[in-house]
Amino acid sequence: MIKLKIIKNVRLKKSSKFLILLLASILVGTANAAIFYSLTMQPQVTVSAPVIKFDHADDEPSGSTVDDAWCLLAAKSYPNATLTYEQAVNLTNTDSAPHSFMLRCISITPANGNSEVGNWTSIKFLVYNSTGGYVFSLNFTVSSNNWVLAPVSGQTAYYSIPASTSWSIRLETLSPATATEGKVCNIQIAVDVQQ
Amino acid sequence: MLLPELFALLSSDLFLLLSLLTCLLEERFPKAIPYIYQVAALMGFGHLMVSKMFLTVFDVDLRFWYNFFYLAVGLANVVAVNVYLAVSKKTWMLAKVWSASVTFPTVFISIFFVYNYGYLQGAIFPLLTVDLILILSAAILGIAVAVLLSPKLLRRR
């Protein structure tokens, strides 16, 4: 049998009671305030100009469209002859701090396995810094109707572009002698920028 | 923009205030009262937690009304303590001080926040009625405070 012993003689002084209630009040008040604060946090998203933007370049393919946030390069390729756009498009860091970016392949058509892939030998995007030095590249070469990407992952490493600096992208295209005129290849590449 | 949960936060703080004040005046109140008010304040925490958990489920009308109800309960307790001191305990002076230092400011602050909330919400709710009731209550309370502090005001007439 369990006996419950009621302690009656323990009497708290008024100051002790008040102190206990005060501490409990601080605890409850702080918890309430924390919950309320978490309710009031409202994220604000402001549209701003891209930190690294596309810019027109000296050797831009005719018919191309270059906007701050996107560009469409209407490049050509010739059978059995490498066509080089020395400065197809520029990438400019408009910020006062350096930023890292990389090139990442999103899609390419015609897709692997399609016989039309054989109309190209290679399409290369080479990035050069402001002094003309080679930095990195994203290459598409063809092997047996399949695109072979270099790097294999389809994305480069991150490279830091200094503040207020323009780098250029050099575009090299080459088609085999047997290529059919009028065939079109669409490559979509993302420029991922680290904030 | 004010959130309706502000009323729960305000009311919870009112209960904490009541708990501390009734503890200080413990000889005039039942011993359990300060602790009951602490539990009531904890219920405010529960209100806030429910609001947080079901923020996307409950619409703003529902959140307003259950938070406003909790505030109304808190204010009713403040007034009830005031009346208890005045009527039951016959401690007129304490009731006057309580009325001037606790009841009137808390009711007035509550009116301010409710009115402000209604204004910012574009009076989606029938807030005009709520505002009128609260303003009327504050006016009556203000007159009562004035009369309590200076009973001669009535005798002059």
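Any read-out appearing in this document is the output of simple, stated calculations on the displayed coordinates, not a laboratory observation. This structure is a prediction, so every number in the text was calculated from the model and none was measured. A quick note on method: Cβ atoms are made from the backbone with ideal geometry, for glycine too, and the neighbour counts reach across all protein chains shown.
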Q: Quote the Stokes-Einstein diffusion coefficient, in whole µm² s⁻¹, for the range A:52-193, based on the Kirkwood radius over alpha carbon pairs, a temperature of 10 °C and a viscosity of 1.306 mPa s.
A: 102
Q | Whole-Å distance, taken between Cα centres, linking the range B:43-74 and the range A:36-106 | A | 48
Q | Phi to ³J(HN,Hα) by Karplus 6.51 cos²θ - 1.76 cosθ + 1.60 over the range B:81-88, Hz, x for Gly, Pro | A | 5, 4, 5, 4, 5, 7, 8, 6
(Q) Given the -39500 (n - 2.57) contribution per DSSP H run of 4+ residues, what per-residue ellipticity at 222 nm results for chain A, rounded to the nearest 500 deg cm²/dmol? (A) -5000 deg cm²/dmol
Q. So what's the Cα pair-distance distribution over the protein assembly as shown, bin width 20 Å, in %?
A. 22, 27, 18, 21, 11, 1
Q: Give me A:H56, B:H47 ranked fewest to most by other Cβ atoms within 10 Å of their Cβ, as a rough exposure proxy.
A: A:H56, B:H47
(Q) Straight-line reach only, C-alpha to C-alpha below 19 angstrom: list the aspartates and glutamates that A:K183 could link to, leaving out same-chain residues fewer than 8 apart. (A) A:E116, A:E172
(Q) Please arrange B:C23, A:C185 by how many other C-beta atoms lie within 10 Å of their C-beta, fewest to most. (A) A:C185, B:C23
Q. Around B:P34, what is the net charge, scoring Lys/Arg as +1 and Asp/Glu as -1 over all other residues with Cβ under 11 Å from its Cβ?
A. +2
Q: Could you tally the net charge around A:F140, taking each other residue with its Cβ under 11 Å from the Cβ of A:F140, Lys/Arg +1 and Asp/Glu -1?
A: 0
Q. Sorted from fewest to most neighbouring beta carbons within 10 Å, what does the list A:E172, A:E181 look like?
A. A:E181, A:E172
Q. For chain A, modelled as a Gaussian network with Cα springs under 10 Å, which listed residue fluctuates most, A:T46, A:T84, A:T141?
A. A:T46
